[in-house]
Amino acid sequence: MTELVIQGALSGLLIGGIYGLIALGLNLVFGTMRVVNFAQGTLLMVGMFMAYWLFVLTGLHPYLSPLVTVPALFALGYALQYFLVTPLLARERAREPMSVLLMTLGLALVLENLALMLFRGDYKTVQVRETSAVWILGDYIVSVGRFWSFVAMLGTVTALWLFLSRTDLGRAIRAVGQDRQVARLLGMNDRVIYNYAFGISTAVMGIAAAALVPFYYTHPAVGTSFLLKAFVIVVLGGLGSMPGAALGGLAVGLIEGVIGIWTEAAVAQILLFAVFIAMLFFRPAGLLGLERK
Amino acid sequence: MTSTWEGRLLSVENLTVRYGGYLALSEVSLEVREGEIVCVMGANGSGKSTLLNAISGLVESEGEVRFEGRRSLQGVPTHERLSLGLAHVLERRRLFPYMTVLENLLLGAYLPPLRSERARALERVEALFPVLRERRHQLAHSLSGGEQQQVAIARALMGRPRFLMLDEPFLGLSPRMVLEISEVIRTINRDGGVTVLFNEQSVQHSLGLSDRGYILESGRLALSGTSGELLADPRLHRIYMGLDAA
């Protein structure tokens with residue numbers, strides 16, 4: 001019994017890394033411009049299709065796909081902010097702009113249906129060593145693909161943390177999120193900084209996609225389920241909090257993994273969203289929701 | 001060029017600000033000369049903050065704002081004004097609350113031309129406010145009001161401005177801290193060559209610190225003159241009857 005729980009916890013924690021990455025992207029955009037990006041999951045889907053086609057057409061291992069997808073997705077995110085979000089944001093005076101939120105929802109629908117049109121709705125998978133390889137550690141089994149996705153999360157969180165706390169651009173991204181007027185007075189061009197924030201948040205999806213593609217199906221709607229979990233995570237960990245996103249991701253993975261032992265997956269999902277609603281009632285700022293006024 | 005421009009660093013001509021239908025500032029003209037400390041006084045809602053916000057471009061305005069005798073600042077976005085030499089400390093300090101004191105200060109020298117001098121600038125402001133060195137790694141929102149004001153001024157000085165605007169720098173401070181901040185303003189003006197424009201509700205203290213003053217009443221300029229003239233002017237006491245009790 002104990003072995004079973006530990007095994008479930010282990011698998012859950014490892015997949016939780018991916019959830020954490022998506023929540024991280026969501027939080028980066030929310031933390032800077034108070035916009036919940038409903039297209040975050042869809043941008044993950046875009047990254048997954050890129051990694052998938054790179055593998056099918058050129059044989060590039062998905063783990064090397066970030067070399068292409070991260071710059072490409074950064075450019076895509078930068079352009080989305082520049083051409084779609086900024087013009088809308090400029091017209092909105094509210095602190096949490098509703099029209100931008102709805103626009104991202106529309107964008108998600110457009111991209112999803114575009115993918116459906118271009119690539120059809122069948123589940124696409126790749127076969128690489130990490131697809132089915134496992135490590136046996138005593139009584140426990142560790143999926144190699146899941147393990148590397150966890151490592152990718154740790155690496156990305158560390159890199160982002162260093163970027164946000166040690167570089168001028170990173171500090172400027174936080175500054176604009178905390179007080180836009182003061183940031184302007186100190187010489188920061190908030191619009192350009194928003195472009196970078198959205199670009200980076202999208203680029204992170206390239207890493208999540210690379211980690212997922214070897215052991216997960218690629219499908220136009222794959223982003224939606226991840227996005228819903230990312231919402232639970234940011235509410236759990238705190239909107240705008242980077243460590244909250246990472247830890248929240250692990251917590252959600254853990255809950256899923258352990259509860260999944262006794263019940264079917266659907267029940268685990270119901271419980272997860274029950275936690276979500278309970279959090280909204282009792283601790284709306286999240287467990288680590290600090291960076292919020 | 002600038003020296004022949006009659007020593008004026010800033011000139012404001014017929015500045016008008018509307019918030020919807022409400023006239024917050026109406027045809028205000030004033031000037032600040034190189035090396036001066038100038039004070040804008042007035043009751044709550046008289047337009048003091050609006051004036052400073054219009055000068056730094058945070059609110060839209062009609063009329064002229066000229067800096068260093070050069071072209072108008074109208075149309076220059078706020079984020080390009082610090083590189084011209086204009087810094088502005090907003091009311092209630094407005095530190096980045098979830099950053100450390102050090103991070104706040106470093107962001108004061110965010111502009112690329114300032115970065116190479118950043119270590120020296122940090123040394124200078126920490127010499128001016130020794131307590132900031134001890135507080136370096138503390139989160140800004142955990143500081144006392146007086147310490148926050150020190151960080152806010154220090155952060156603005158990191159940008160090496162020629163002209164510094166302070167919006168209610170003494171608001172909510174202890175009497176001892178008011179004296180301390182006043183002394184710092186004198187020091188940066190005298191030794192640092194920084195021209196200062198600040199606003200304040202309390203007349204007595206402001207005029208003790210400044211060379212000249214302007215008094216706003218309901219968005220219009222009511223009085224102006226040197227501090228000595230203003231203190232002797234009976235109209236000042238009429239305008240301020242009951243307002244300067246604190």
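Before moving on, here are some points about what is shown:
- For the range A:67-160, alpha-carbon Rg relative to the globular expectation (2.2 N^0.38 Å, N residues): 1.58
- Once the convex hull of all Cα atoms in the range A:4-131 is built, its volume per residue stands at 142 Å³.
- Volume of the Cα convex hull of the range B:131-175, divided per residue and given in Å³: 91 Å³
- Chain B: relative contact order in percent, alpha carbon pairs under 8 Å with at least 6 residues between: 27 percent
- Value at 222 nm in deg cm²/dmol, rounded to 500, when DSSP H runs of n ≥ 4 in chain A each add -39,500 (n - 2.57): -24500 deg cm²/dmol
- Dipole magnitude for the range A:2-282: computed about the Cα centre from +1 point charges on Lys and Arg Cβ and -1 point charges on Asp and Glu Cβ, it is near 800 debye.
- By the count of other C-beta atoms within 10 Å, a proxy for reagent exposure, B:Tyr19, B:Tyr110 are ordered fewest to most as B:Tyr19, B:Tyr110.
- For the range B:85-175, applying the loop criterion from DSSP together with a ceiling of 11 other beta carbons within 10 Å to the trypsin sites (Lys or Arg not before Pro) yields no site.
- Among A:Val29, A:Val182, A:Val46, residue whose mean-square fluctuation peaks in a GNM of chain A (springs only between Cα atoms under 10 Å): A:Val182
- With at most 16 other Cβ atoms within 10 Å, longest stretch of chain A clear of loop chymotrypsin sites (Phe, Trp or Tyr not before Pro) (DSSP): A:1-122
- Magnitude of the charge dipole, the range A:52-125, Cβ model with Lys/Arg +1 and Asp/Glu -1, debye to 20: 100 debye
- For chain B, the longest principal axis of the C-alpha atoms and the axis of helix B:175-190 are separated by about 90°.
- For residues of B:110-119, the mean tally of beta carbons on other chains within 10 Å: 2
- Fraction of antiparallel bridges per DSSP, the range B:101-246 only, in percent to nearest 5: 55 percent
- Span from the the range A:118-158 Cα centroid across to the the range A:187-249 one, whole angstrom: 18 Å
- Note on chain B: helix-only mean residue ellipticity at 222 nm, from DSSP H runs of 4+ residues weighted -39500 (n - 2.57) and normalised by residue number, equals -9500 deg cm²/dmol.
- All C-alpha pair distances within the range A:2-282, sorted into 10 Å bins from zero, spread as 7, 29, 36, 21, 6, 1 percent across the bins.
- Selected from B:Gly225, B:Gly63, B:Gly21 as most flexible by GNM, with chain B as the system and alpha-carbon contacts under 10 Å: B:Gly21
- Residues whose amide H lies under 5 Å from that of B:Arg8, counting only those 5 or more places away or on a different chain, are B:Glu34; hydrogens are built 1.01 Å from N in the peptide plane.
- Electrostatic dipole magnitude of the protein assembly as shown [Cβ: Lys, Arg +1; Asp, Glu -1; Cα centre; debye, to 20]: 360 debye
- Amide H contacts of B:Leu223 (H built 1.01 Å from N, in plane; Pro and chain starts excluded): B:Ile215 sit under 5 Å, all sequence-distant by 5 or more or on other chains.
- Cα-based helix-to-principal-axis angle, B:145-157 vs chain B, degrees rounded to 10: 90 degrees
- 5 angstrom amide H check on B:Leu197, placed H, neighbours 5+ away: B:Val38, B:Leu164, B:Met165, B:Leu166
- Comparing B:Leu230, B:Gly145, B:Asn104 along the charge dipole axis of chain B, the residue lying farthest to the positive side is B:Asn104, per the Cβ-charge model.
- Computed over the range B:1-122, Kirkwood Rh from alpha-carbon pairs, angstrom: 16.2 Å
- The range A:54-112: trypsin sites (Lys or Arg not before Pro) in DSSP coil with no more than 10 other Cβ atoms inside 10 Å: A:Arg93, A:Arg95
None of the figures in this text is laboratory data; all of them are computed from the coordinates on show. Values in this document were obtained by computation on a predicted structure and should not be read as measured data. So basically every Cβ, Gly included, is an ideal-geometry build from the backbone, and we count neighbours across all protein chains shown.
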